[in-house]
Amino acid sequence: MNKNRWVTVGIIFAVIILSYFALTPSKEITPTEITQCIGENSVLYIQLGCHACETQENLFGDNYNDLTIVDCFFDIEKCQEAEITATPTWVINQEKIIGVQSIKKLQELTGC
């Protein structure tokens with residue numbers, strides 16, 4: 001009976017571990033070259049404390065710093081000059097795109 005108990009405990013433990021990995025959302029991984037291209041062909045306006053901006057950042061993961069970013073909390077003059085009214089805002093080819101954008105959409109808009 002002891003053997004059956006250990007098998008049952010092992011199965012329950014395995015199910016818990018597999019459930020954790022299946023239910024934990026993974027970050028979308030973006031190749032560095034794509035992020036660098038998007039960064040070279042756009043400007044992302046964000047603001048400290050903006051939850052949507054954090055969502056946008058999470059889509060890029062570790063490659064986020066390869067983007068061209070202006071934080072309106074610290075560079076308010078740049079944001080006023082660009083007439084930024086909401087964050088996140090992408091400026092691509094002098095067009096403003098407001099809100100969180102998928103990497104695929106940004107690739108299309110920037111030609112990356």
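The values are calculated or read from the model by the stated rules, or taken from the named source; none is laboratory data. Given the structure is predicted, the values throughout are model-derived calculations rather than measurements. Here the Cβ is made from the backbone with ideal geometry for all residues, glycine too, and neighbour counts use every protein chain on show.
May I ask you to say which residue of Thr30, Thr8 is surrounded by 15 or more Cβ atoms within 10 Å (Cβ to Cβ), at pLDDT below 90 and at negative phi?
Thr30
With the condition being touching a residue at least 40 places away in the same chain (Cβ under 8 Å), I'd like the strands (runs of 3 or more DSSP E) fully within the range 60-112 carrying at least 3 qualifying residues.
Filter on the range 60-112 gives 89-92.
Any idea which residue in the range 53-81 is modelled with the highest pLDDT, counting only those that are in contact with a Lys or Arg (Cβ under 8 Å, 6 or more places away or on another chain) and surrounded by fewer than 17 Cβ atoms within 10 Å (Cβ to Cβ)? Spell out how you get there, then give the answer.
First pass over the range 53-81, keeping only residues in contact with a Lys or Arg (Cβ under 8 Å, 6 or more places away or on another chain): 58-59, 61, 70, 72.
Checking the rest, the ones that are also surrounded by fewer than 17 Cβ atoms within 10 Å (Cβ to Cβ) come to 58, 61.
Working: Asn58: 95, Gly61: 91.
The residue in question is Asn58.
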